Amino acid sequence: MTAVVLCGVSCLKARVKLLLGSKSSKAMVANQHGRGIKVLRTDQVGEFTSKEFNEFYEYEGITRQLTTPYTPQHNGIIERRNQTILNLTRSILKAMNMPQSFWVEAIRHLIFLLDRLPIKFMKNQTSYEVLKGKRPNLEHLRVFGCIGHVKIPTIHTKKLDNRSEKMIHLGAEEGSKAYRMFDVNSGRIILSRDVKFQETQGWDWKSNGKEEGKDEVEFSIQVPVEVHFKEEAGMKVWDQAMKEEIESIKKTEPGS
């Protein structure tokens, strides 16, 4: 039987939700891959040794293995994988000058990639290929953090409005044929399949994240007027006649 290295990530706002995330991961492995968890190896952080955590895994018949404190080599595969993910996360954030606040999205994107990259001890097969029996389709992959022009649905536009909006690519949406695009101006993540990418360009975060040119500006339209010499001369005569007319009116006014 071939061993499979499959990465998964659950983003928790607090460690108190670790047990809930662990239950979700166990259910996902059972439902999606038809396999059960027999052994769980963790460090001895408080949440992993809590009464609720131990009772749940004891009830499920899962063997617990706890590593010795300050001895990460006891869980070498996971520790090495963590270092790989952290190094790659720093790299892709720096490559496009992305703020560190996007680290969760960067890790999501990396996990998606790592499960679709060949592994040496698996005879250069990918985890995706071993589990599902087919090679992954990578044609839709785009550079993380690059600029993408997202099509605006016609029902949300007027006749003279822009037909697309510039956003930031955050990877593919799991379970959907769509891209995750970050709208800097609204601070929201938009899902769209109609995107034109500029993979060599990143966002200019020096302008406080906002896209330049969004504020209203005053402008004037100058239309060139062709003036002939004869017309210009006629205009001078007309000006002189108007001045004389005004002077005559002033003289005829009462009290002048």
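The values are calculated or read from the model by the stated rules, or taken from the named source; none is laboratory data. Nothing here was measured: the structure is a model prediction, and the numbers come from that model. Here the Cβ positions follow ideal geometry from the backbone for every residue, glycine too, while neighbour counts run over all protein chains shown.
The single condition from (1) loosely packed, with under 10 Cβ neighbours inside 10 Å; (2) at pLDDT 85 or above; (3) farther than 30 Å from Ile92 by Cα that Val223 fails is (2). Only one residue in Arg163, Arg188, Arg193 is more than 30 Å from Val29 (Cα to Cα), of a type in the set (Lys, Arg) and touching a Lys or Arg at 6+ places or on another chain (Cβ under 9 Å), so which one is that? Only one candidate qualifies: Arg163. On inspection, Ile190 fails the criterion of being surrounded by 16 or more Cβ atoms within 10 Å (Cβ to Cβ), within 25 Å of Trp103 (Cβ to Cβ) and modelled with pLDDT of 95 or more. Counting only residues that are over 19 Å from Asn137 (Cβ atoms) and among the basic types (Lys, Arg), region 172-193 holds 1 of them. The condition of being more than 22 Å from Ser207 (Cα to Cα), free of Cβ contacts under 8 Å to residues at least 24 places away in the same chain and among the hydrophobic types (A, V, I, L, M, F, W, C) holds for only one of Leu131, Leu117, that being Leu117.
Which of the residues belonging to region 23-42 are basic (Lys, Arg), assigned to a helix (DSSP H, G or I) and surrounded by fewer than 15 Cβ atoms within 10 Å (Cβ to Cβ)? Answer for region 23-42, where residues must be basic (Lys, Arg), assigned to a helix (DSSP H, G or I) and surrounded by fewer than 15 Cβ atoms within 10 Å (Cβ to Cβ): just Lys23.
If you filter region 145-159 down to residues that are within 15 Å of Asp183 (Cβ to Cβ) and among the aliphatic types (A, V, I, L, M), you find that the one that is surrounded by the fewest Cβ atoms within 10 Å (Cβ to Cβ) is Ile152.
State whether the residues of region 143-162 include one that is among the hydrophobic types (A, V, I, L, M, F, W, C), modelled with pLDDT of 85 or more and over 24 Å from Met96 (Cβ atoms). The answer is yes, given that some residue of region 143-162 is among the hydrophobic types (A, V, I, L, M, F, W, C), modelled with pLDDT of 85 or more and over 24 Å from Met96 (Cβ atoms).
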